1. Only residues that are buried (at least 21 other Cβ atoms within 10 Å of the Cβ) and within 17 Å of ALA266 (Cα to Cα): list them for the stretch 227-251, please.
2. Looking at the stretch 147-158, which of the residues that are aliphatic (A, V, I, L, M) and in a strand (DSSP E or B) is farthest from ALA258 (Cα to Cα)?
3. Need pairs with beta-carbon distance below 6 Å; first residue more than 18 Å from ASN156 (Cβ to Cβ) and within the stretch 1-29, second open to solvent by less than 10 Å² (accessible area, probe 1.4 Å) and at pLDDT 85 or above; sequence gap 6+ or separate chains.
4. Residue check: is ALA218 crowded, with 20+ Cβ neighbours inside 10 Å and either among the aromatic types (Phe, Trp, Tyr) or not in a loop (DSSP other than H, G, I, E, B) (or both)?
5. State which residue is most open to solvent (accessible area, probe 1.4 Å) when the search covers only the stretch 112-146 and only residues that are part of a loop (DSSP other than H, G, I, E, B), under 27 Å from GLY263 (Cα atoms) and touching a residue at least 12 places away in the same chain (Cβ under 8 Å).
6. Test ALA8 against the stated conditions and say whether it is in contact with a helix residue (DSSP H, G or I) (Cβ under 7 Å, 6 or more places away or on another chain) and hydrophobic (A, V, I, L, M, F, W, C).
7. Could we say that ALA73 is open to solvent by 20 Å² or more (accessible area, probe 1.4 Å) and in contact with a helix residue (DSSP H, G or I) (Cβ under 7 Å, 6 or more places away or on another chain) here?
8. For the stretch 253-267, give me the residue count where each residue is part of a loop (DSSP other than H, G, I, E, B) and either open to solvent by 50 Å² or more (accessible area, probe 1.4 Å) or closer than 17 Å to HIS226 by Cβ (or both).
Amino acid sequence: MIVVAGEALIDLVPRGAGALAALTPALGGGPFNTAVALGRLGSPAAFCSRVSRDAFGEALLDRLRGTGVAVSAVQRGDEPTTLAVATVGADGSAVYSFYVEGTADRLFTAPRALPPGTRAVSFGTCSLVLEPGASAYEELMRAAHARGVFTALDPNIRPGLVPDADAYRARFRRWLPSVSLLKLSEEDARWLGGTPEEWLAAGPAAVVVTRGGDGLTAFTRDGGEHSVPGEPVEVVDTIGAGDTVNAALLHGLATRDALSERGTSALGADGWGDVLGFAARAAAITCSRAGAEPPYAHELAG
């Protein structure tokens, strides 16, 4: 079981050009997208969050259930669902404005226990920024790692949500001893500062850096550096592509019984090449269609 901990929200995506283009609601949130992608890939997965009882919240849970993701660890609240207004550029890249005050996912509290059979827990995005929930997710991360559970972190930085950039960067460095796998984009890496070598020295067994259409690179504690190119694709938009990579990495490690720090260290060049290549193909499919629509396992077979 792979548990994904973090926010579920509604993306308001423009259907047309201009500031006043009509907005269409779409189910989203980095952790939510990761959980859906895991379910579609066939990995046993569970979602751990706080979700509103409003109509948006019910739609979010329906999508999770429909993809086979367990929701027994989801907390419920009467507060509204977080909204994220997306602006899509000419190259398909998306920028978000968030409406987060008084929303349900900010009031998440750390559970006493993880679902039975949990092998890994994934964290990231807004849920690690917005208090008081951020401290609760951090508590869960530290507790899971202390119990020997594989932990994955995808910071997925949204600069407009970070009230104090220096404080967040310092907090990020304090998380690293409790992180098994760090996945981040080149943009995240530049914003955070530091290098894969520095981050590895602080705790993670592996660091994966994504470079958009240029592919992915995994850095490991033994000095290994393993890269794959991106998959050529006609990009519709990049919404959910990073979340798909996150899920594909976890799924790939799970299928190789490598959801452990020892397992990731033993993968070697061939193993990492397979895992990274799978993630690149999965992300390309997501980019080829509108919105966060990750692939199903059968689309990646062969």
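1. LEU249, LEU250, HIS251, listed by residue number.
2. The qualifying residue farthest from ALA258 (Cα to Cα) is LEU153.
3. Partner pairs satisfying both residue conditions: MET1/ALA46; PRO25/ILE10.
4. yes
5. The extreme case among them is PRO116.
6. When the stated conditions are applied, ALA8 passes them.
7. no
8. Residues that pass the stated criteria total 5.
The values are calculated or read from the model by the stated rules, or taken from the named source; none is laboratory data. Worth saying up front: this structure is predicted, and the values here are computed from it rather than measured. Note that we place each Cβ from the backbone using ideal geometry, even for glycine, and neighbour counts take in every protein chain shown. The protein model used for the area step is the full one, side chains on, heavy atoms only, and it has no ligands, DNA or RNA in it. Shrake-Rupley method; radii C 1.70, N 1.55, O 1.52, S 1.80 Å.
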